[in-house]
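Enquirer: One structure is given below, represented as structure tokens, and several questions about it will come after.
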Amino acid sequence: MKHFLKVLMQFFLYLYCKCLWRSLKFVLWKVTGRCELQRICYNNKPGACRTLKIESSLKFSKSELLQSAVSVHPDAVEKTIEDIMTLKKINQDTNPQLGISLQASLLQIVGYRNLVVEVEKLRREPYDSENPEHEEILLKLWKLLRPDVPLKGRITKQWCEIGFQGYDPKTDFRGMGLLGLLDLVYFAEHDSVTALQVLHDSLQPKYSKMSKLEWEKKKFDKAIGYSFAIVGINITDLAHTLLVSGALKTHLYNVAPEAPALAHFQQTFCYLMQEFHKFWTEEDPCDIMEFNYVRTKFHKRILKQLRNKDMALCPHFAASDHLVNM
């Protein structure tokens, strides 16, 4: 019975999309004298509210030109907008702002797709200890996080001081590849004060209900904090999941005036690291064994925030001030 109802719902949804919605769009066009893209641009503020609707309109259009617009090369965006304006019989001289707004949104749409490809490429690139560039980036991470402590060797227990699991960090990058390392370096380099504070806090034991004296009597050899680098790689995984699933569109369409770039993704990573650190402290888990539970709960909270089309995870990067508002 449930399967039948599901199939029935899908049928009515298909019927609505194929027939009723297109009929409604035709009526609105006749009444307002504007096509759907015009109505979206005139009735929605710049950012995710506008771009998500434009993206949906293009994807589900019966026009092949409009369908293919979401996957054009960034260099072809301007020409594509001209073709769309011609197809819709819109006079560019009397609607100059429309072309500007459509171009900004389309650059965001194709930019997001290209960002997914770029991030995925970095994730799939394994860390190679024989690659001098990879090694240089790894050593840079150490210098940023432990500026006053010389590294005694490439393979050493010292790596545990910044949250790696063993003597050689390369084994910890298996899941996220070079992307995990680049995110950590970006955080340590561009928000060094916060990164150093988070690292310091992560190394502190959490006494929970015990007093410090009781803790020392127990002679625990491991602080109940978390491993900074390992958690960073996990947060990279979370950010990657949000990006690939499309959940980050809300945020990136609100913070990137045009095409989202790798820097926008890495700024998001920095934000997620800071917020996860606060969240971990608020949750006050008993030990690191609760990490997956806390991470899942944090993931759900971020997803809930991103359902708000006005949401920008990093408010100080808000793009609304830069986009042309019609």
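Enquirer: Being touching a helix residue (DSSP H, G or I) at 6+ places or on another chain (Cβ under 9 Å) and over 29 Å from Ala48 (Cβ atoms) narrows it down to one residue among Phe298, Phe291, Phe279; which is it?
Expert: The conditions single out Phe291.
Enquirer: OK, next. Sort out for me the helices (runs of 4 or more DSSP H) sitting completely within the stretch 14-96 that have 2 or more residues that are within 17 Å of Arg113 (Cβ to Cβ) and either modelled with pLDDT under 90 or polar (S, T, N, Q) (or both).
Expert: In the stretch 14-96, the matching helices (runs of 4 or more DSSP H) lie at 48-59, 64-69.
Enquirer: Mind telling me which of the residues Asp321, Asp310 ends up being outside any helix (DSSP H, G or I), at pLDDT 85 or above, among the acidic types (Asp, Glu) and open to solvent by 10 Å² or more (accessible area, probe 1.4 Å)?
Expert: Result of the check over Asp321, Asp310: Asp310.
Enquirer: Of the residues that make up the stretch 181-193, is at least one free of Cβ contacts under 8 Å to residues at least 40 places away in the same chain, in contact with a Ser or Thr (Cβ under 8 Å, 6 or more places away or on another chain) and surrounded by 15 or more Cβ atoms within 10 Å (Cβ to Cβ)?
Expert: Scanning the stretch 181-193, I find no residue that is free of Cβ contacts under 8 Å to residues at least 40 places away in the same chain, in contact with a Ser or Thr (Cβ under 8 Å, 6 or more places away or on another chain) and surrounded by 15 or more Cβ atoms within 10 Å (Cβ to Cβ), so the answer is no.
Enquirer: Do the conditions hold for Ile54, that is, is it of a type outside the set (S, T, N, Q), surrounded by fewer than 17 Cβ atoms within 10 Å (Cβ to Cβ) and either in contact (Cβ under 8 Å) with a residue 40 or more places away in the chain or in contact with a His (Cβ under 7 Å, 6 or more places away or on another chain) (or both)?
Expert: No.
The values are calculated or read from the model by the stated rules, or taken from the named source; none is laboratory data. The structure presented is a predicted model; accordingly, all values stated were derived computationally and were not measured. A quick note on method: Cβ atoms are made from the backbone with ideal geometry, for glycine too, and the neighbour counts reach across all protein chains shown. Remember, those area values only see protein heavy atoms, side chains included, never the ligands or the DNA or RNA. Shrake-Rupley method; radii C 1.70, N 1.55, O 1.52, S 1.80 Å.
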